[in-house]
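None of the figures in this text is laboratory data; all of them are computed from the coordinates on show. Everything numeric here is computed off the predicted structure, so don't read it as measured data. Because the Cβ atoms are built from the backbone with ideal geometry, glycine has one as well, and the counts that use them run over all protein chains shown.
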Amino acid sequence: MCALRGHEVTLFEKRKLGGALIEASIPEFKIDLRPLVSYLATQMDKLKIRVVNKEGTTESILEGGFDVVIVATGSSPVKPDIPGIESVAVTDALMVLDGSAKTGKKIAVIGAEVGLFLGEQGKEVLFIEMMDTVMNSITFDERQVYENRFRECKVAFHTGQRMESISGKKMVLSDRFGTRKEMAADTIVLASGFRPNRDLIDQLQSKSKVPVLEVGECVSPRKIFDAIHERSLSSFSSST
């Protein structure tokens, strides 16, 4: 958008163009996202935007002599404070989606999307949910689609359960009354939300006088539409 509005743009990208959309578009039931990833990458090429294939640091940005810095560093998976969370059996949803994590046959999951992704691979999936219902942050239409697809999978829902501890491949769960039970799984997949990546923002604001704008999930993790249509970019456009 900055290039379309006449600005000379340099993009620092530490990995492949597309960011978290890459993992988000991997499941077959999210295939509609793939054209968006392709479209955005194609527009970068058409507009001849300079792409630096490395992570943007405070030093490299200050050396670039830029007039404005727009930070869109996204977010990272939250790692809950659970005893035993460092177990080799524990991984996160992004690593499962991109194939860098190997999963066993029986998998405990916190998070519906990655659970469906694994269930449709024939895995036995145990959903662990603190609330009394699952899939609480999606629309009614989305819920219907998920429920229909779950019927074809081998899944079990354990609602109203909090994961207290992990020991190897065993978990201790507890409900609101303090009743505990032990469950076992070959792999435990965490998808308990994301935390904004704000280190670069804080560093730039403390070491540079260049205006810094925050957009996307580094402001707060949310839906794709909301992250793309960031208000601060509109404000920036009207003032430059």
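Quick notes on this one:
- Backbone N atoms of the stretch 100-129 closer than 18 Å to the 7 Å Cα→Cβ label point of Lys79 belong to residues 100-102, 110.
- Proximal aspartates and glutamates relative to Lys207, as straight alpha-carbon distance under 16 Å, when same-chain residues fewer than 8 apart are discounted: Glu59, Glu63, Asp67, Asp199
- Exceedance of the 30 Å cut-off in Cα-Cα distance is limited, within the set Lys54/Lys170; Lys30/Lys154; Lys30/Lys209, to Lys54/Lys170; Lys30/Lys209.
- Shape category assigned to the stretch 19-126 from the gyration tensor of Cα positions, a/c cut at 1.5: oblate
- The stretch 44-89-the stretch 181-229 distance, computed between alpha-carbon centres (Å): 10
- Top positive-direction residue, dipole computed over the stretch 79-190 with Cβ charges, set Gly115, Val155, Met135: Val155
- Taking the DSSP beta bridges with both ends in the stretch 79-190, the antiparallel portion is around 40 percent.
- Loop trypsin sites (Lys or Arg not before Pro), the stretch 143-225 (other Cβ atoms within 10 Å of the site Cβ: 13 or fewer; DSSP): Arg151, Lys154, Arg176, Lys209, Arg222, Lys223
- Site pair Glu63 and Ala184 shows an inter-label distance of 5.4 nm when each label is modelled 7 Å from Cα along Cα→Cβ.
- Annotation note: GluC sites (Glu not before Pro) in the stretch 62-166 located in DSSP loop regions with a Cβ neighbour count of at most 16 within 10 Å are Glu86, Glu120, Glu152.
- In a DSSP loop and with at most 15 other Cβ atoms within 10 Å, the trypsin sites (Lys or Arg not before Pro) in the stretch 16-106 are Lys16, Lys48, Lys54, Lys102, Lys105.
- Dipole of the stretch 87-240 [Lys/Arg +1, Asp/Glu -1 at C-beta], most positive-end residue of Ile188, Ile224, Pro211: Ile188
- Check: the chain dipole with +1 on Lys, Arg Cβ and -1 on Asp, Glu Cβ, in debye: 240
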